[in-house]
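Here's the structure, in structure tokens; my notes come after.
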Amino acid sequence: MIKAGRAHNLLPRNQLSPLQKALNWLLLLLFFATMIIPMLNVLAVSFSPRLQSMQPGVILWPSQWTVNGYQTVWTRANLSRAFFNSSLVSLVGTAVQILLSSMAGYVLVQKNLPFRRALSLLILFTLMIPGDLTLISIYALNKQLGLLNSYQGLILNGLVSGFSILLMRNYFQSVPESLAESARIDKAGELRVFASIYLPLSLPGLASITFLEFVGKWNALMIPVTIISDPGLYTLPMVLRQLAFATDSTSGVDYIAPNAQMAAIVISVIPLIILYTFAQRFLIGGLTLGATKG
């Protein structure tokens, strides 16, 4: 007969005790509360009347539902123009970046490429340089190239991502080389091998970098602030920054009530939520495989 004191030792190693399960649930609930309460506050304030949104404290449910905040920020803050600018820059920049990152990753998996390992290490080294340290040089270079206050400047800056290149390289390394060799025997060129074999077999990786790069460009603030001073070219993060500091008449901008400020945040987040809805099936698996292969 097994003693009661040894029963605990016979439990599976991955099974937690009731106390451990309770602590885990408590921690998860705390983390969930820290994330969901600010989101609920933003939504509630955005649908609240102007006067209620100006009251101190956390609002989790509007006393009266209204969309005046959305109407105000869309017209007075010219948010429609900023939304168009962010959409154009993010869509075009992401599409070109996916193409460049995929092509660079394909080059790095070629066994006959000279200094292949050194090139990969050089790309990895670029990820260790803080972006804030390069802002002065970025401004000077864009000024010399005539890219200040232009869509070209917003799109070209940050067009190449070392992280995306290495992720696609790791994905391409998981593609069986025999498939490419068979295509080459059938007189297929490298471009056809790349487009018809490697890209279709790396869709999770492509979906991952599409989501990450689009989010990065949509939320980009430092580079746009550095090279853009024309209000007609402001992106959503720049307008949100302007609204956050427009708290009095001395700011040079008409006062925007908190309900309109929160409405601007909700509008800027909607495209990311829609994109994540379609990309979530690929995102976790894509990042996991891309990070472990190599």
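The values are calculated or read from the model by the stated rules, or taken from the named source; none is laboratory data. Predicted, not measured: the structure shown is a model, and the values here were computed from it. Note: ideal-geometry Cβ built from the backbone for every residue, glycine included; neighbour counts use all protein chains shown.
In segment 248-271, the residue that is modelled with the highest pLDDT out of those that are loosely packed, with under 15 Cβ neighbours inside 10 Å and assigned to a helix (DSSP H, G or I) is Ile270.
Candidates Ile274, Ile209: the one that is in the same structural domain as Ser87 (by TED's automatic domain parsing), among the hydrophobic types (A, V, I, L, M, F, W, C), modelled with pLDDT of 85 or more and surrounded by fewer than 13 Cβ atoms within 10 Å (Cβ to Cβ) is Ile274. For Asn170, the criteria (1) closer than 19 Å to Lys217 by Cα; (2) buried (at least 19 other Cβ atoms within 10 Å of the Cβ); (3) of a type outside the set (A, V, I, L, M) hold in every case but one, which is (1). Here is the figure for segment 108-151: residues that are part of a helix (DSSP H, G or I), touching a residue at least 12 places away in the same chain (Cβ under 8 Å) and under 21 Å from Leu166 (Cβ atoms) total 6.
Selection of segment 220-240 for residues being within 19 Å of Arg76 (Cβ to Cβ), in a loop (DSSP other than H, G, I, E, B) and not charged (D, E, K, R) yields Tyr234, Thr235. In segment 77-95, the residues that are assigned by TED's automatic domain parsing to the domain that holds Pro271 form Cβ pairs under 9 Å with partners that are surrounded by 15 or more Cβ atoms within 10 Å (Cβ to Cβ) and of a type in the set (Asp, Glu), at six or more places apart or across chains, as follows: Ser90/Glu213; Gly93/Glu213; Thr94/Glu213. Could you look through segment 184-206, keep only residues that are free of Cβ contacts under 8 Å to residues at least 24 places away in the same chain and crowded, with 17+ Cβ neighbours inside 10 Å, and pick out the one that is nearest to Gln280 (Cα to Cα)? This residue is Ile197. Scanning segment 174-209 for residues being among the acidic types (Asp, Glu) and closer than 14 Å to Gly105 by Cβ gives a total of 1.
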